[in-house]
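**Q** This is the structure, below, for whatever I ask next.
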Amino acid sequence: MTLSATASASARAALSQLLEPASIAIVGASRDTSRIGGVALDHLQRLGYQGTICPVNPRYAEIAGLACYPDVESLPYVPDVAVLALGADEVLPQLQRCHARGIRAAIVYASGFAEAGEAGIARQAALTAFARESGMAIAGPNCMGLANLTTRAITAFATTFRAFPPQDGPGTVSLLTQSGNVCAIVYATGRQMDVGFHQFINTGNEACLDYADYLDFLADDPQTGSVVGYVEGLRNGSRFIDAAAQLRAADKPLILLKAGESEAGSAATQSHTAVLAGNQAIYRAAFAQLGAMQASDPTHLTDLAYLAGFRHRSAGRRVVVASVSGAMGALSADLLSAAGLEVPQLSAAVQQRLLAAVPEIGGVANPVDMTGQLFNRDGLAYAVLDNLAADDGIDVIYLYATAYLLDRVAGELIEVAGKTNRLIVVATTGEPASRARLADAGIALFPDCARAAKALGTYVGWLGTAAPTARWMALRAQVGGGAAGYIPSGPMDEYQAKQWLAGFGVPVSTEVVATSPEDAARAATGIGYPVAVKVLSPDIAHKTEVGGVRLGLADAAQVEAAAVEVVDAARRAMPQARQRGVLVQQMARGVCELIVGVTRDPVFGPAMTVGLGGIFTEIFHDVAHRLLPVDRAMAHEMLASLRGYRLMTDFRGKPAADIDAAADAIAALSDAAMALGDRLTEMEVNPLLVREAGRGAVALDALVLTAQAGHGGGLQ
């Protein structure tokens, strides 16, 4: 079963029954509340589920005061969902019986499927086929289960619900993970932070419903205010993109932790781009383009979910620190700066107002040291914080206080919070008795300075960069399936690749194909010295590695000798490679060189990599990634995000590069890649030489690899 924006009403209704069940049958129910079949039943009864519960087990006539039925055929009505606490071999036969009974949704706990070798893979394939044929919404297998915390339909067997019961009343944060343990950890940590959860979804093996199916549902779910997710690997990048964009359009934060990635790339890649564009980098690029917050660990994930609950308050990068301790104020300022935030010095006027209001205060520049005077003087915290809240030069108020002192000044802090719409973040030690009062006043409270700073840095960064999503989605929607007339029809050497790219607006160098040393010399004379000579072959991706390039040739004799040398060197290194002569190319100078390439990511499709050439690429991996398509504005953003971007400006008197021309060339390469559609394998311009401002850019070398029609790969 696979859902989409145009999924049938029946399929969506089945998924709704899975996630919002009014009646639940537990097949394999147990009286033992330590067993899987007993934990969920215990949760439902103890935690306040108001729907109907039907235990199914032929061994019992009743369980926990509920009538127990021998089989699903004996149930007095058709439940919304069947929870299967059964072994792997029993799952499919039981699902078939559930379907025959009219049950449209099921949860499969059992392991022993795709994660368990050939026999398990076969079981999962049969389960997937059954779900497709029957239309049942089936969660799992190999999953912890689900829990609607708002309705208390808790069918997950996580014992964390006993230690951390759901909040009173409905929650708004939906938790969607591909790991049961991570789901439980984030839930427990979140409850300690008073996060109100709505859905708790562990997807398991995703044999029938994948991550994007649930995400699509949550995007339309009126009770879900934000989605917190853990991802190990996605199966359908296109549908994930659509669902994530729906969330962004609905102003529902998507907060993701990605694990299990590899930077190794594929050993079969033939471009530098393919090595640079590892899985992790492309996932990060996709998440950023879709306006998702990205967490680095489960605690960070929880803290971002918590902080997103305060997005009704304004926030920005400029943070003022107020502290009861000079040392903790300084440490907090360091942590905030390390998180990418600014801790600007307060203006002289603000400092003077602080000193006038509280003469005995410590430092007032930022951090503001309120000292131990908080012990002795009522109103001191209000006087300081009220002045800070009125300062237009700051965006966020950050306060450090021990739990005892926080309780002492809670009323003053709450009064200030009522007068400003700015975000107020408090880091404390211990457990303040005023926590609930502060939360009700819209004040974010963290148990640790480092956690507060890290979460605030990511959150504020997200606020500033989430907007491009709508523009990119609109651009993506405009792209067709590719212009067939522009698709190359045979293997391409460097010259053919550049000429093809030129048709899309990629600027290329002045060059001539020569089939003999004498032709090469004549071509060089016509072009003008100095020139470069390269072996020309559709089968040699890296010409320098086979001795196939000579640079800076100053006369005809050098060109003739070079033409012989590169052909012979390439023949010795790769005797099987087809040769089409040599390419005589005008030498060119510029301000800097770029590498610009496109690879096909197995999840998200075509993705672009842009970076400064030379050591910046090879050593520092100073590159930016985006999913295609990329337009001129996005190309500018990619260039500006590079650490070496300053080298393209008038850095230390060096001429500024023609950044507009570089952006145009990058966008043109994107157009060419999109025209290839599914046939694209790899594409690269390396280097793209960027001349001085106003003088343009030029592709000095190019590679275009396509999959043969009807085949999965190959050089075309």
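No value in this document is a laboratory result; all are computed from the given coordinates. If you're wondering where the values come from, they're calculated on a predicted model, not measured in any experiment. Here the Cβ positions follow ideal geometry from the backbone for every residue, glycine too, while neighbour counts run over all protein chains shown.
**Q** So how many residues does the range 564-609 have that are in contact with a strand residue (DSSP E or B) (Cβ under 8 Å, 6 or more places away or on another chain), among the β-branched types (Val, Ile, Thr) and either free of Cβ contacts under 8 Å to residues at least 24 places away in the same chain or not in a strand (DSSP E or B) (or both)?
**A** Number satisfying all stated conditions: 3.
**Q** Now for a separate question. How about the range 603-627: which of its residues are hydroxyl-bearing (Ser, Thr, Tyr) and either within 22 Å of the chain's Cα centre (by Cα) or within 15 Å of Asp671 (Cα to Cα) (or both)? Full working, then the answer.
**A** To start, the set of residues in the range 603-627 that are hydroxyl-bearing (Ser, Thr, Tyr) comprises 609, 617.
The answer is Thr609, and nothing else.
**Q** Within the range 520-549, take every residue that is in contact (Cβ under 8 Å) with a residue 24 or more places away in the chain and of a type in the set (S, T, N, Q) and give me the one that is surrounded by the most Cβ atoms within 10 Å (Cβ to Cβ).
**A** It comes out as Ser537.
**Q** Search the range 661-672 for residues that are farther than 17 Å from Met683 by Cα and in contact (Cβ under 8 Å) with a residue 60 or more places away in the chain and pair each with any residue that is among the small types (Gly, Ala, Ser) and outside any helix (DSSP H, G or I) when their beta-carbon atoms are under 7 Å apart and the residues are at least 6 apart or on different chains.
**A** Ala661/Gly696; Ala661/Ala697
**Q** Okay, next question. Identify, by number, the condition in (1) touching a Phe, Trp or Tyr at 6+ places or on another chain (Cβ under 6 Å); (2) not in a helix (DSSP H, G or I) that Gly644 doesn't meet.
**A** (2)
**Q** Can you find a residue that is within 24 Å of Ile138 (Cα to Cα) and crowded, with 20+ Cβ neighbours inside 10 Å anywhere in the range 162-170?
**A** Applying the first criterion (within 24 Å of Ile138 (Cα to Cα)) to the range 162-170 yields none.
No: zero hits.
**Q** Still on this structure: Identify all residues within the range 399-440 that are of a type in the set (Lys, Arg), in a helix (DSSP H, G or I) and farther than 18 Å from Gly372 by Cβ; write none if there are none.
**A** Correct list: Arg435, Arg437.
**Q** Being in contact with a helix residue (DSSP H, G or I) (Cβ under 7 Å, 6 or more places away or on another chain), closer than 20 Å to Phe157 by Cα and without any contact (Cβ under 8 Å) to a residue 60 or more places away in the chain narrows it down to one residue among Leu92, Leu66, Leu86; which is it?
**A** Being in contact with a helix residue (DSSP H, G or I) (Cβ under 7 Å, 6 or more places away or on another chain), closer than 20 Å to Phe157 by Cα and without any contact (Cβ under 8 Å) to a residue 60 or more places away in the chain holds for just one of Leu92, Leu66, Leu86, which is Leu86.
Condition check ((1) of a type in the set (Phe, Trp, Tyr); (2) in a strand (DSSP E or B); (3) crowded, with 19+ Cβ neighbours inside 10 Å; (4) over 34 Å from the mean Cα position of the chain (by Cα)) across all residues:
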{"residue": "Ala322", "(1), (2), (3), (4)": "no, yes, yes, no"}
{"residue": "Met328", "(1), (2), (3), (4)": "no, no, yes, no"}
{"residue": "Ser337", "(1), (2), (3), (4)": "no, no, no, no"}
{"residue": "Gly340", "(1), (2), (3), (4)": "no, no, no, no"}
{"residue": "Val350", "(1), (2), (3), (4)": "no, no, yes, yes"}
{"residue": "Leu355", "(1), (2), (3), (4)": "no, no, no, yes"}
{"residue": "Pro359", "(1), (2), (3), (4)": "no, no, no, yes"}
{"residue": "Val364", "(1), (2), (3), (4)": "no, no, yes, yes"}
{"residue": "Gly372", "(1), (2), (3), (4)": "no, no, no, yes"}
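**Q** Would you mind stating whether Gly430 is touching a strand residue (DSSP E or B) at 6+ places or on another chain (Cβ under 7 Å) and of a type in the set (Gly, Ala, Ser)?
**A** yes
**Q** For the range 621-640, name all the residues that are in contact (Cβ under 8 Å) with a residue 60 or more places away in the chain, more than 17 Å from Leu475 (Cβ to Cβ) and part of a loop (DSSP other than H, G, I, E, B).
**A** The answer is His621, and nothing else.
**Q** Something else about it: Filtering the range 24-48 down to residues that are of a type in the set (Gly, Ala, Ser) and within 10 Å of Ile154 (Cβ to Cβ), which residue is surrounded by the fewest Cβ atoms within 10 Å (Cβ to Cβ)?
**A** The extreme case among them is Gly48.
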